[in-house]
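Remarks on the structure that follows.
The values are calculated or read from the model by the stated rules, or taken from the named source; none is laboratory data. Just so it is clear, the structure is predicted and the values come from calculations on it, not from any experiment. Ideal geometry is used to build each Cβ from the backbone, glycine not excepted, and the neighbour counts take in all protein chains shown. In case anyone asks, the SASA skips ligands and DNA or RNA and just uses the protein heavy atoms, side chains included. Shrake-Rupley method; radii C 1.70, N 1.55, O 1.52, S 1.80 Å.
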Amino acid sequence: MLAILIVLATWQGIYLSGWRPPYVLPDPGVVIQRVGEMLTTAKFWTALGTTLLRAAAGFAIAVTIGTVIGLLVSRSRILRAAIGSLITGLQTMPSIAWFPFAILIFGLSEQAILFVVILGAAPSIANGIISGIDDVPTALLRTATALGARGFVMYRYIVVPAALPAYLSGLKQGWAFAWRSLMAGELLVIIASRPSLGVELQFYREFADTAGLMAIMIIILALGMLVDGGFNSISKRVRRKRGLTLAA
Amino acid sequence: MLAILIVLATWQGIYLSGWRPPYVLPDPGVVIQRVGEMLTTAKFWTALGTTLLRAAAGFAIAVTIGTVIGLLVSRSRILRAAIGSLITGLQTMPSIAWFPFAILIFGLSEQAILFVVILGAAPSIANGIISGIDDVPTALLRTATALGARGFVMYRYIVVPAALPAYLSGLKQGWAFAWRSLMAGELLVIIASRPSLGVELQFYREFADTAGLMAIMIIILALGMLVDGGFNSISKRVRRKRGLTLAA
Amino acid sequence: GPDSVRLGYFPNLTHAPALIADAKGFYAEHLGATNLEVSTFNAGPSTIEALFSGAIDMAVIGPNPTINGYAQSGGEALRVVAGVASGGAALVVRPGIESVSELKGSTLATPQLGNTQDVALRTWLAGEGLSADTEGGGDVSIMPQENAAALQAFNSGQIDGAWVPEPWLTRLVEEGGGQVLVDERELWPNGAFIVANVIVRAEFLEDHPDTVEAVIEGHLDSLDFIAKSPDEARSVFNTKMDAITGQSINDEYLVEAWENVDFLYDPLPDTLFTGAEHAVAVGLLNEVDLDGIYDLGPLNRVLESRNLEPVASP
Amino acid sequence: MRIALDSVDLDIRQGEFLCLLGQSGCGKSTLLNLVAGLDGPTRGTIELGGRRIGMMFQDANLFPWLTVRGNIELALRLSGVPKSEFNDRVDDLLSTVRLPGAASLRPHELSGGMRQRVALARTLAQDCSILLMDEPFGALDAITRDAMHDETERIWAERGLTVIFVTHNVRESARLGDRVIVMAPNPGRIDSELLIELPRPRLMDHPDVSSRAAELHRRLQNGIS
Amino acid sequence: MRIALDSVDLDIRQGEFLCLLGQSGCGKSTLLNLVAGLDGPTRGTIELGGRRIGMMFQDANLFPWLTVRGNIELALRLSGVPKSEFNDRVDDLLSTVRLPGAASLRPHELSGGMRQRVALARTLAQDCSILLMDEPFGALDAITRDAMHDETERIWAERGLTVIFVTHNVRESARLGDRVIVMAPNPGRIDSELLIELPRPRLMDHPDVSSRAAELHRRLQNGIS
Ligand SMILES: Nc1ncnc2c1ncn2[C@@H]1O[C@H](COP(=O)(O)OP(=O)(O)OP(=O)(O)O)[C@@H](O)[C@H]1O
Ligand SMILES: Nc1ncnc2c1ncn2[C@@H]1O[C@H](COP(=O)(O)OP(=O)(O)OP(=O)(O)O)[C@@H](O)[C@H]1O
Ligand SMILES: [Mg+2]
Ligand SMILES: [Mg+2]
């Protein structure tokens, strides 16, 4: 909160100093007013709904695929040699590179957008779980082996719970990738009856409407912070249960 | 390697089946030939050099900033409350949203590109180190406290080394963010005397040259895998030293 | 006819006839039982990708992606069947630059390396004896730039001018205080050069020429409407823009920009070919064979039924 | 390469209670790991005759994401015990290790000795015929340890287990073992063995136990000097 | 809220060797943590008179990214020892804990008892006047432990340390302590204390030590029953 106030104050200061004309650096007051206006239009809520739905669906699928691939790769030496590095390779591939394939495979459909989101987020999630699993203390694995845990059971009851904190932070990174890929992917095909945040963002830019752009950025930021809050409360709970919270 | 062969074989199979015309799904042979051709042009190597230099510079700065912010946030409850969530919020901000600010602050310059890369990667790196630090076993921190470690010393000698494996995987994610932001950011300022991979990628799309696009994608993939190899060999060494490698 | 025809266009001033035809139902009127499915795009590449992969059948698109799509598919993928718009591009510079000679040492933006405006600027500079290489060097330094970024860079004084299409041209003048140094229409015979045309997937044209004709009928209705009631056309256009993008163009700017664009059905093949030659000349395009890119049969049949002059095939 | 264990040749009778004594670092834990199959020997073989092995490690190694009950239940689950029996079995095992009230605590809320006893309960939850115990009572006070001795002996007799029990407490080995193996370091090897043919249950401070303990202590000291 | 420790009232003389005995889970480690300032008491105060405290935990807690030498050097560095002395001091400390060859090993390559001794060496590397030791020799064999007793006693005397030494070994407390505090559980509290006025060095199996140990054992047993 404090940070936001400081940013606002600095911004207002720069604005008042007249360093740059208002169509380049708008008045924070105006921007906040724009945010307020946006929040009262039905269209904005439709756009938000569409985008959040896509994000949720894409992220859910990416989590599933990323987790499965991560688990497989972390288990098998052959798979790791074969596709371990490929995962990071895919992670560095910019979303727009996937557009032709998305259209080729799925046509101009919601699935094409999801495809881009999934390709953006799944590698990151897979990497998160792989590194989480790699850092599971050997002692716990040996103990579990001695208790008779093997194969799937070992993963279900030992490896996955042990890797959970690292996995959660992988999910958080994955969410960021998913969201950013979605912002790009929503431009893939603009479905007129379905406004979305990605399209709004793009058109505020295309129309050089700086105040509107900043308003939408503030909304994206707020959404991101909200999601972060969600992840944090989960991982805080996980940590507390394990006695990982610092007493002071 | 095996995975690559399988992908190539499938691709060749689909190609030969004539499912889609070659200008949509090109012959893998042709694409590989294109990769070969690219690798022999001086322009490609200049582009690669420019992009890698930018990536390295941007990533280095992002690592510095991200690490410092991550350390500060993980240390101070107030900072964490103030900007902890903001970091994830920034992480979800698509690169293009930063373009107007990049131009506003840095003009049409290399710095504008770096700005976008840094804003893309630093939050992810900060989050990586924060979650790494949060997961440092409490017992080690108490031990260090008993040994008299406080403040900076505690961070330098205990917290940072303990969080290193998680930090490394945060760096890997950060690299992916940096790279993807760079691919977008290179379109911001097309300094024509300096060809770059991001611009090349965009041009192949502009020219609807699917084979060229796929060739450049393969190169990006290969670069990503190379970098992953680098990260992996570092984190493997770190893990082995700590006895974190599974005997089998 | 087929069950449906899938059409793509951009929410963009030069595509106004398509937006208006869509909004007013002109296409649907002629399509009968065939459904119209509209997709909107924000850039040429995705449109061409969609056309290549069969996700759309027809599209309104600029000459650049048209040429690239035709060339890359070896002439297989698409045909141009009608024109949409001409004009609406100019070089806007900051006050103080009054003549060509004062451009020496300046930095100018274009929307994209190798696009219509970029080629036009380079060709014009060369004609004026100013050098500008594709690497940003020479007497004039050309910096390809997204239009929004160009406006911002112009506003904050980082570039001296830009060769841009509408409505950016008007915005540079109105918001950035720039002045028009060269109106691109001045450079073309008859003041006309193509900036948007209708393309169709070659296979679709072959299978369903009637459907293509129906779409062209709608297109012509739209052009009629624009010609007869420009005010209403503008407001229909802006409403549709708002529906698609959430933004509409400032009404004053729109009036001004509208003036600078001519909407037409003639695809002006010669100007497309000349543009391609220019691009080759400035080193931004490899020699391409554009024979057969036009199929004006459907357009001319429609024109004939309306007792209009057929357009000349190249 | 350093050699942790050299020429260890050991036959263990089924149902035997075998104690391993030896200096710190001589390879006792390594030997247990080899028997449990957690490490492979560089040379040599280990024959088990297909019997199931349960192991209690030198460190408690409780799973930090599970409560005490969860840790024990996991062992039950992995042994194929039906879910309906979990509650009773866990309560049973916790009272065996004298921790009836600790079921809902998490590992980080336990004292060192309590952790060790939970690890014991978890190991006993396994359905095994060979039980390996690595200094299981090292962190317990004398009174609690005596109780654990009684319980271990009872379960050993009831289930007909074969037990290999590592300890550094000579008196403990004399209290519990049918036979005590004394190991020597550098490299780890078997120094000697002592049969303890005393009737059970034995008392820690019984003179017979004391005399055996003194003998073992003497042997250990010789091995080192 | 469960109360770990209730009304513990304890004066410790400077230079005293104080042993804490008590049943597993009665609050010994909690008390040491309070004294070391690692936890804060819910009620009550702890007065230290500004003296520096060194603590050896019940678990070795070695830093896994450092070698044995690195772990000990870190403690030296944190105590402000000049770098030039590191090598000698580390070698000294390692021979004190009878691990002269282990300097370059990593924690995961050590046996349980070796880890404990490295932790002892690390604690001794600190420049402190109060030394808290939580079951420091629980994982050691009798012979090694005897040696550690001698070393601890020597350093205590040499440096004039105040030592609080938690153990569950009654004989060990009688061997080392000037005074032994017997704690009782539920909630943790002081049950009684015993002054051990025997000349030093004492021997573990000396009859005087044995008699004190027996007395302590009796008190512990009473506290529990
Ligand atoms: N992972 C490892 N890598 C290398 N050496 C090891 C490893 N684990 C143990 N050692 C070495 O093997 C030897 C025997 O260790 P082990 O743990 O079996 O001893 P122990 O008899 O159980 O001792 P303690 O009574 O102290 O637990 C030690 O010298 C130790 O340094
Ligand atoms: N973090 C914690 N949260 C809640 N309860 C705790 C926590 N740590 C310890 N306790 C409880 O405090 C009590 C005392 O624990 P403590 O570790 O001091 O015992 P101890 O005397 O050292 O036992 P041991 O000899 O087994 O080490 C125990 O009942 C334990 O369950
Ligand atoms: Mg051991
Ligand atoms: Mg304790």
- Query: By a straight-distance test (C-alpha under 29 Å), which lysines pair with D:Lys83 as possible cross-link partners, with residues fewer than eight away in the same chain excluded?
  - Reply: A:Lys241
- Note on the structure: Zone reached by a paramagnetic label modelled 7 Å from E:Asp127 Cα along Cα→Cβ, restricted to the range B:136-167 with backbone N below 14 Å, covers B:148
- Semi-axis lengths, Å, the range C:211-306, gyration tensor of Cα atoms, sqrt of 5 times eigenvalues: 30, 22, 12
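Report, as an integer, the average count of C-beta atoms from other chains found within 10 Å of each Cβ along E:103-113.
Mean shielding count: 5.
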- Averaged per residue, what accessible area in Å² does the range E:2-111 show with a 1.4 Å probe, protein chains only? 49
- Task: Quick one: what are the phi-derived ³J(HN,Hα) couplings along the range C:249-256, Karplus 6.51/-1.76/1.60 with θ = phi - 60°, whole Hz, x for glycine and proline?
- Result: 7, 3, 4, 4, 4, 4, 4, 5
- Note on the structure: Expressed in angstrom and rounded, the centroid-to-centroid distance over alpha carbons for the range C:62-134 and the range B:53-84 is 43
- Message: Just to confirm my numbers, what's the Cα centroid distance between the range D:46-115 and the range E:166-222 in Å?
- Response: 32
- Phi angles of the range A:103-117, converted by Karplus (6.51 cos²θ - 1.76 cosθ + 1.60, θ = phi - 60°) into ³J(HN,Hα) in whole Hz with x for Gly and Pro, give 5, 4, 7, 10, x, 8, 9, 4, 4, 4, 5, 4, 4, 5, 4
- From the residues D:Pro107, D:Leu161, D:Thr30, which one has its Cα farthest along the dipole of chain D in the positive direction, the dipole being from +1 and -1 charges on Cβ of Lys/Arg and Asp/Glu about the Cα centre? D:Pro107
- Message: Once R0 is set to 60 Å, what does the formula 1/(1 + (r/R0)^6) return for the Cβ-Cβ distance between E:Leu105 and C:Asp3, expressed as a FRET efficiency to the nearest 0.05?
- Response: 0.20
- Task: Would you kindly work out the equivalent ellipsoid of the range D:2-145 from its C-alpha gyration tensor and give its semi-axes, the square roots of five times the eigenvalues, largest first in whole Å?
- Result: 29, 18, 13
- Query: Taking every pair of alpha-carbon atoms in the range E:101-173, what share in percent sits in each 5 Å bin, from 0 to the bin with the longest distance?
  - Reply: 3, 14, 26, 26, 18, 10, 2, 0
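Using only the C-alpha atoms of the range A:207-248, find the volume of their convex hull and express it per residue in Å³.
It is 74 Å³ per residue.
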- Residue of chain D whose Cβ sits closest to the axis mapping D onto E, with distance in whole Å: D:Gly138, 2
- Item | Inter-chain Cβ neighbour average for residues A:222-231, partner chain, 10 Å | 5
- Whole-Å distance linking the alpha carbon centroid of the range B:140-158 with that of the range A:190-239 is 40
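Mind grabbing the interface size between B and A? I mean buried accessible area, both sides, 1.4 Å probe, in Å² to the nearest hundred.
So the buried area, both faces added, is about 5800 Å².
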- Item | Dipole magnitude of the protein assembly as shown about its Cα centre (Cβ charges: Lys, Arg +1; Asp, Glu -1), debye to nearest 20 | 6940
- Shortest first and in nm to one decimal, what separations exist between B:Gly18 and its copies in the other chains, measuring from label points 7 Å along the Cα-to-beta-carbon line? 7.3
- Note on the structure: the range C:1-44 scanned against label point 7 Å out from C:Asp210 along Cα→C-beta; backbone N under 12 Å for C:1-3, C:31-34
- Note on the structure: Sparse-neighbourhood loop hits (GluC sites (Glu not before Pro), the range E:8-101; DSSP loop; Cβ within 10 Å at most 10 others) -> E:Glu47
- Message: Give me the inter-chain shielding for D:58-67: mean count of other chain Cβ atoms within 10 Å, whole number please.
- Response: 6
- Dipole of chain C [Lys/Arg +1, Asp/Glu -1 at C-beta], most positive-end residue of C:Gln145, C:Gln117, C:Leu303: C:Gln145
- Task: State the percentage of accessible surface on the range C:21-83 attributable to carbon and sulfur atoms; use a 1.4 Å probe and exclude ligands, DNA and RNA.
- Result: 40
- Message: On the Cα set of the range B:41-241, report Rg and Dmax in Å, please.
- Response: 19.2, 65
- Note on the structure: Mean-square fluctuation maximum in Gaussian network of chain A, Cα pairs under 10 Å, restricted to A:Leu147, A:Leu197, A:Leu114, hits A:Leu147
- For the range B:5-95, max minus min Cα coordinate along each principal axis, in Å, sorted largest first? 62, 33, 23
- Note on the structure: Here, trypsin sites (Lys or Arg not before Pro) of the range B:148-248 satisfying both criteria (DSSP loop; at most 12 other Cβ within 10 Å) are B:Arg150
- Task: For E:Gln221 paired with B:Arg20, estimate the spin-label separation in nm (one decimal), with each label point 7 Å from Cα along the Cα-to-Cβ line.
- Result: 8.5
- Message: Defining the label point at 7 Å along Cα→Cβ, can you sort the distances from B:Leu52 to the same site in each other copy, shortest first, in nm?
- Response: 4.5
- Area buried, chain E against chain B - accessible surface, total, 1.4 angstrom probe, square angstrom: 1800
- Note on the structure: Distribution output for chain C: share of Cα-Cα pairs per 20 Å bin in percent, first bin at 0, values 34, 57, 9
- Query: Kirkwood Rh, the range B:178-243, all Cα pairs: how many Å?
  - Reply: 13.8
- Task: Please turn the phi angles of the range B:143-155 into ³J(HN,Hα) values with the Karplus equation 6.51 cos²θ - 1.76 cosθ + 1.60 (θ = phi - 60°), one per residue in order, whole Hz, x for glycine and proline.
- Result: 4, 5, 4, 5, 7, x, 6, 9, x, 4, 4, 4, 5
- Query: Just the C-alpha atoms of the range A:66-170: what Rg/Rh do they give, with Rh taken as the Kirkwood radius?
  - Reply: 1.09
- Note on the structure: Per the rotation taking chain B to chain A, min distance Cβ-to-axis on chain B (residue, whole Å) equals B:Gln173, 2
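Calculate, for chain B, the solvent-accessible area per residue in square angstrom, rolling a 1.4 angstrom probe over the heavy atoms of the protein chains.
Heavy-atom accessible area per residue stands at 38 Å².
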- Placed amide H near C:Ala82: partners under 5 Å, 5+ positions off or other chain: C:Val198
- Rounded to the nearest 5, what % of the DSSP beta bridges within the protein assembly as shown are antiparallel ones? 40
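Of the accessible area of the range E:63-127, with the probe set at 1.4 angstrom, what percent is carbon plus sulfur?
The value for the range E:63-127 is 46 percent carbon and sulfur by accessible area.
If you take the square roots of the eigenvalues of the alpha-carbon gyration tensor of the range E:63-127 and sort them as a ≥ b ≥ c, do you get rounded (a/c under 1.5), prolate (a/b over b/c) or oblate?
Details: a/c = 1.74, a/b = 1.52, b/c = 1.14.
It comes out prolate by the Cα gyration axes.
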- Note on the structure: The convex hull of the Cα atoms of the range C:1-65, divided by residue count, gives a volume in Å³ per residue of 82
- Which distance in nm do the two modelled labels at E:Ser84 and C:Ser313 give, with both placed 7 Å along the Cα-to-Cβ direction? 9.8
- Taking 1 over the mean of 1/r across every pair of different Cα atoms in the protein assembly as shown, what Kirkwood radius in Å do you get? 35.2
- Query: Taking the label point as lying 7 angstrom from Cα along the Cα-to-Cβ axis, what are the distances from D:Arg43 to the corresponding position in the remaining copies, in ascending order and in nanometres?
  - Reply: 6.8
- To the nearest 100 Å², how much accessible surface do chains C and A hide from each other in total, with a 1.4 Å probe? 2300
